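The block underneath contains the structure these notes are about, expressed in structure tokens.
All of the numbers you see were taken from the coordinates with simple rules; none came from a lab. These numbers come from a predicted model, not from an experiment. Reconstructed Cβ throughout: ideal geometry from the backbone, glycine too, with neighbour counts over all protein chains shown.
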Amino acid sequence: MTDYGITGERQTHKPRESRLEFRFYFALIFMLTLPFTLIGWVASAILHRRFPETGPVARAWAKAGAIAPMIFLA
């Protein structure tokens, strides 16, 4: 369905950034968050005397997956 909006002109999307740039930022953020998630995972394991459900790599991956798109939306 085409959206012409109020002005009657066709709305266009801005061109997407390159996938290589997104992957670069994702990898950079992943590498930066990994030590902090590892420390948090170890601290949680010590305090609760059991291992958390998600490991440090999964936590860092999730955080990078949440932060990287924010860079491109800004």
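The order of the peptides 18-28, 43-53, 58-68 by mean Cβ neighbours within 10 Å, most packed first, is 58-68, 18-28, 43-53. Just check the range 16-74 against the gyration tensor rule for me: Cα atoms, a ≥ b ≥ c as the square roots of the eigenvalues, rounded for a/c under 1.5, and otherwise prolate or oblate depending on whether a/b exceeds b/c. Prolate.
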